[in-house]
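Student: Below you'll find the structure I mean.
The values are calculated or read from the model by the stated rules, or taken from the named source; none is laboratory data. Because the structure is a prediction, the values reported are computed rather than measured. Positions of Cβ are backbone-derived with ideal geometry, glycine not excepted, and every protein chain shown enters the neighbour counts. The accessibility values were calculated without ligands, DNA or RNA, using every heavy atom of the protein model including side chains. Shrake-Rupley method; radii C 1.70, N 1.55, O 1.52, S 1.80 Å.
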Amino acid sequence: MNWKMSRVVRTVADVMVVPIIIFGVYLIIHGHLTPGGGFQGGAVIASSTALLIIAYGSFGKHKDSLSSLESTGLTLFILLAFLGIGYTVFYNFLASGGAVFGGSVHYGINPGRLDSGGTVPLMNIMVGLEVAAALSLILWMMAKGSDSMDVEEVKG
Amino acid sequence: MRRSVAALAFIIIFAFLILGMSQLRPFGEPENTEMDDYFLYDRDEGSQAHNQVNNVVTAILFDYRGLDTLGEATVLFSAVSGVVAVLRKVKRSQKEVHG
Amino acid sequence: MKDAKDFVATFILALVVYLFLTLASGIPMVEGTILWSLEELIMGLSVALIVAAVTSHILCRSKNFRMLNPARWLIMLVYTIPLFLEMVKANFDVAYRVITGRIEPAIVKITPDLKTDLGITILANSITLTPGTLTVEVDDEKSELYIHWIKVKDDPDEVISGRFVRWIRRFAE
Amino acid sequence: MNTWFIHLPFLVVGILIAIGLYTVLFKNNLIKMIMGIALIQNGVNLFLISLAYRKDGVAPIWTSAPDEFMVMPTPHALTLTSIVIGLATTALLLSFVMMIKKHYGTIEADKVRRCRE
Amino acid sequence: MPVYEIIFTLILVGLVMTALAVVWFKDLISAAISLGACSLLLSLQFYLLRAPDVAIAEAAVGAALTTAIFIFAIRATDREEGYS
Amino acid sequence: MIVLALVSIFMAISLIFNGLGVVGLHRFPDVYTRLHAATKCTTFGSIFMAFTVITYSGAMFYWSNDAKYLNMALHTLGAVVALLITNPTGAHAIARAAHRMGVMPKYAVKDELKEAR
Amino acid sequence: MNYADPLYIAVGVFMVYIIISAFRIFMGPTVADRAVAFDTINTLVVACMIGLGAAMWEILFIDIAIVYAVLSFVTTLYIAKYLEGGERK
């Protein structure tokens, strides 16, 4: 599918990409307060890539950068998990420590603060990075593969 | 022959599915909820006291059951590696055909 | 210089969307305070910077910086009122067609005198939302629109798009 | 709750899984079989979430919840993991199908089997 | 009046209908559309069962990305079932 | 009281127009006229459903001065804006694809696009 | 009568509409008709989600409606783009 769609669709895609990415980032970094988290925000960001592919066709070379982004996300996630190794793996050593994301909340129904949760928001960001890059890479490779099959069929 | 065996297996599995599903507990009234109540309401080790996190699902995903999430991320990584490997091979063989 | 304008436009859009989403969401509910907390502002600024750095070449692809002027946004907000009135008329029209089934469709060509992509897009979407018309095809270079019209009349240019073009020319041209 | 409602979600789960299993067993097209696998995934997700539901409970999020009685959160986490894994495996299977079409020229299961021999 | 249960039952009926349509269509693109509708109603069901995290994930993954990769695969292979 | 009347009127408008859209989806003869009914009527009806919620939560915010109701009203407004931008574009894409696919409008008096091709 | 009952009834009527338009997916003569029915179901589901979020009075659930309103558009575009290029093959 490497031809462009019409002018209206292209313009709407250009306008909608930034709000979609911002909405995904909102879902990721508010993952400990509102419904959402790394997986959901990553999927929403990947769908902005889907929108660009559908509007403009699969041109350009982005495979290496997306792949390295995914590896970076996974590596940082594992590193963050093993930082609490003195107690257990995945120990939340930052919670109510006063450092970054170290605020505390009370028991019961409360509106919450962004500055709480310890390592959970950081892990959300890492997993969001990994999932967004991975799903974008899947879409990208399948679009490329479908195009190359198409060309071969036309020629043969 | 194979189709008749498959039909028999399908009918048996279907009967067991419907039978088993109709013998489950009533919808909306679970019986053993100690673990979930521990995650939800415990004032010393629950999600709000231990992690300072309001969204209990996120707390379970990234703290209590964090190894599951690690395995999930690894599965996603290997699936992406598989897709990239398979579809890159398409392009290379196409070059061999046309070049 | 053009790249800096791209960056600023994307940054402003991202920041506005983020602040709209987090308005009154993450603050202690004291009586009467509906502003953002400090953490939300810091996070919004950093997120908007990162997103603007990554996607600044997408939003301003056509190098059209007219919409950086806030007066045009005000006119665009005012434009929603006639659009809404037209939508009301459109729905009663379609309700009449649904009940009676009296249709006489045709595909006609109109040539509005708009040049920018944004103007054509807003015109096409407005036409789709208003009485008895539906945009089928848009020409890529010239400004020609092919409209499916459910009850054909004379003089398609003025009847379909005249009132919209006069509004859109004020903020998108 | 009414009596006709007590077992209905679980019965629908059974019907969904049976439809998916029928598609996998008796259809000949590989993409249709993958659609059957997707249906089975949908049924299993619905089963887990139906198990988690408590009558008159609210969502397990403390931020501006209207009440303190919540549904069970652990199956939600499991289902969340399962959905992403399902997408990854579906993508992998579909890329295999594209390769099969490339090499054998068909995606009907029995013809592929005949081509291989 | 048990409105909540009636909504629930209607969603379940829609789920079974669209799932049967997936099996019934010979045209694979129609089957993909039907699978998208099934995923849509499933997300509404999750919403009604108070699982907002899962509903967002199903919305993003099931509605947008699964249909997208199915359409890429159908584009690369044949459209009709039993064609070649 | 005024809020209750407004909410009732909005909900009635929403129900009536959504019903008209669905009836038109079954009553009209071809793709384009169905798109007329479906797009216009359901967009209008869904927007009025959102207006119901905005009115109600805005009134709750005015009475209780609690910020979460304002949050709800604003997010619903965001959904309205998203619907207004995306729905006509989807209708345009389907109409263009149908015309390129070869589905011609039935009972058409004239077709200038077909002549232009 | 509770405040939420009219909203629940409205959502129930919307569900009936969704099932009626699902019949168009069954019996549409061309694929474009099915895509139109799918688009209709998308919009109706967004309306259902907004109404249910207000009826259950869970403030945070409106986010899901925004996600749906944006992402169903992507699905419609994918189907439309496939139908556009259908005759090229």
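Student: Among the residues in region D:7-19, are any outside any helix (DSSP H, G or I) and open to solvent by 40 Å² or more (accessible area, probe 1.4 Å)?
Tutor: The answer is yes, given that some residue of region D:7-19 is outside any helix (DSSP H, G or I) and open to solvent by 40 Å² or more (accessible area, probe 1.4 Å).
Student: Right, C:Ile110: under 29 Å from F:Ile16 (Cα atoms) and not acidic (Asp, Glu) or not?
Tutor: Judged against the criteria, C:Ile110 is not a match.
Student: Name the helices (runs of 4 or more DSSP H) wholly within region D:30-117 that hold at least 3 residues that are modelled with pLDDT of 85 or more and within 22 Å of E:Ala68 (Cα to Cα)?
Tutor: Helices (runs of 4 or more DSSP H) meeting the threshold: D:30-52, D:74-104.
Student: Would you mind finding the one in G:Ile64, G:Ile50 that is open to solvent by less than 10 Å² (accessible area, probe 1.4 Å), under 12 Å from the mean Cα position of the chain (by Cα), among the hydrophobic types (A, V, I, L, M, F, W, C) and under 16 Å from E:Ala59 (Cα atoms)?
Tutor: The match here is G:Ile50.
Student: Further question on the same structure: Return a yes/no flag: does region C:41-52 have any residue that is of a type in the set (Ser, Thr, Tyr), assigned to a helix (DSSP H, G or I) and modelled with pLDDT of 85 or more.
Tutor: Yes.
Student: Of the residues B:Gly28, B:Gly46, which is at positive phi, without any contact (Cβ under 8 Å) to a residue 40 or more places away in the chain and surrounded by 12 or more Cβ atoms within 10 Å (Cβ to Cβ)?
Tutor: Being at positive phi, without any contact (Cβ under 8 Å) to a residue 40 or more places away in the chain and surrounded by 12 or more Cβ atoms within 10 Å (Cβ to Cβ) holds for just one of B:Gly28, B:Gly46, which is B:Gly28.
Student: Ok, one more. Taking A:Val127 as the residue in question, decide whether it is farther than 22 Å from D:Thr90 by Cβ and either touching a Phe, Trp or Tyr at 6+ places or on another chain (Cβ under 9 Å) or more than 9 Å from chain B (Cβ to nearest Cβ) (or both). Before the answer, list the steps.
Tutor: On the way: farther than 22 Å from D:Thr90 by Cβ: no; either touching a Phe, Trp or Tyr at 6+ places or on another chain (Cβ under 9 Å) or more than 9 Å from chain B (Cβ to nearest Cβ) (or both): yes.
Here the answer is no, as A:Val127 does not meet what is asked.
Student: Something else now. Looking at region G:3-23, is at least one residue open to solvent by 10 Å² or more (accessible area, probe 1.4 Å), under 15 Å from the mean Cα position of the chain (by Cα) and charged (D, E, K, R)?
Tutor: no
Student: Ok, one more. Would you point out which residue out of D:Tyr22, D:Tyr104 is at the interface with another protein chain (Cβ under 7 Å from one of its Cβ atoms), closer than 25 Å to B:Arg2 by Cβ and aromatic (Phe, Trp, Tyr)?
Tutor: D:Tyr22
Student: Across region C:45-78, what is the number of residues that are of a type in the set (Ser, Thr, Tyr) and surrounded by 15 or more Cβ atoms within 10 Å (Cβ to Cβ)?
Tutor: The qualifying residues number 2.
Student: Right, something else. Among the residues of region C:96-135 satisfying the criterion of being small (Gly, Ala, Ser) and buried (at least 21 other Cβ atoms within 10 Å of the Cβ), which is nearest to the other protein chains (Cβ to nearest Cβ)? Even if it seems obvious, please write down each step before you answer.
Tutor: Residues of region C:96-135 small (Gly, Ala, Ser): C:101, C:106, C:119, C:124, C:126, C:132.
Narrowing the set further to residues that are buried (at least 21 other Cβ atoms within 10 Å of the Cβ) leaves C:119, C:124, C:126, C:132.
Working: C:Gly119: 10, C:Ala124: 5, C:Ser126: 8, C:Gly132: 7 Å.
Top of the filtered list is C:Ala124.
Student: Go through region E:1-22 and give me each residue that's without any contact (Cβ under 8 Å) to a residue 12 or more places away in the chain and either in contact with a Phe, Trp or Tyr (Cβ under 6 Å, 6 or more places away or on another chain) or within 21 Å of G:Ile25 (Cα to Cα) (or both).
Tutor: Of everything in region E:1-22, those that are without any contact (Cβ under 8 Å) to a residue 12 or more places away in the chain and either in contact with a Phe, Trp or Tyr (Cβ under 6 Å, 6 or more places away or on another chain) or within 21 Å of G:Ile25 (Cα to Cα) (or both) turn out to be E:Val3, E:Glu5, E:Thr9, E:Leu10, E:Val13, E:Val16, E:Met17, E:Leu20.
Student: Got at least one residue in region A:32-43 being buried (at least 24 other Cβ atoms within 10 Å of the Cβ), of a type in the set (Val, Ile, Thr) and closer than 17 Å to A:Phe101 by Cα?
Tutor: Yes: one or more hits.
Student: Here are some conditions: (1) surrounded by fewer than 19 Cβ atoms within 10 Å (Cβ to Cβ); (2) farther than 19 Å from G:Phe61 by Cβ; (3) of a type outside the set (Ser, Thr, Tyr). D:Phe47 meets all but one. Which one does it not meet?
Tutor: Answer for D:Phe47: the failing condition is (1).
Student: Please report, ordered by residue number, the helices (runs of 4 or more DSSP H) entirely within region E:1-68 with at least 1 residues that are of a type in the set (S, T, N, Q) and touching a Cys at 6+ places or on another chain (Cβ under 9 Å).
Tutor: E:3-24
Student: Still on this structure, I have one more. Just a yes or no: is a residue in region F:7-25 open to solvent by 10 Å² or more (accessible area, probe 1.4 Å), over 21 Å from C:Ala95 (Cα atoms), modelled with pLDDT under 90 and not in a loop (DSSP other than H, G, I, E, B)?
Tutor: yes
Student: Taking strands (runs of 3 or more DSSP E) that fall entirely within region C:60-163, which contain at least 2 residues that are over 21 Å from F:Gly24 (Cα atoms) and in contact (Cβ under 8 Å) with a residue 12 or more places away in the chain?
Tutor: C:106-110, C:145-149
Table: residues versus (1) of a type in the set (Asp, Glu); (2) on the phi < 0 side of the Ramachandran plot; (3) at the interface with chain G (Cβ under 9 Å from one of its Cβ atoms); (4) over 23 Å from the mean Cα position of the chain (by Cα).
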position	(1), (2), (3), (4)
F:Pro29	no, yes, no, no
F:Ser64	no, yes, no, yes
F:Ala91	no, yes, yes, no
F:Met104	no, yes, no, yes
F:Ala108	no, yes, no, yes
F:Glu115	yes, yes, no, yes
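Student: Condition (residue is modelled with pLDDT of 85 or more, closer than 24 Å to A:Phe101 by Cα and of a type in the set (A, V, I, L, M)) applied to region C:65-81: is it met by at least one residue?
Tutor: No, the conditions are met nowhere in region C:65-81.
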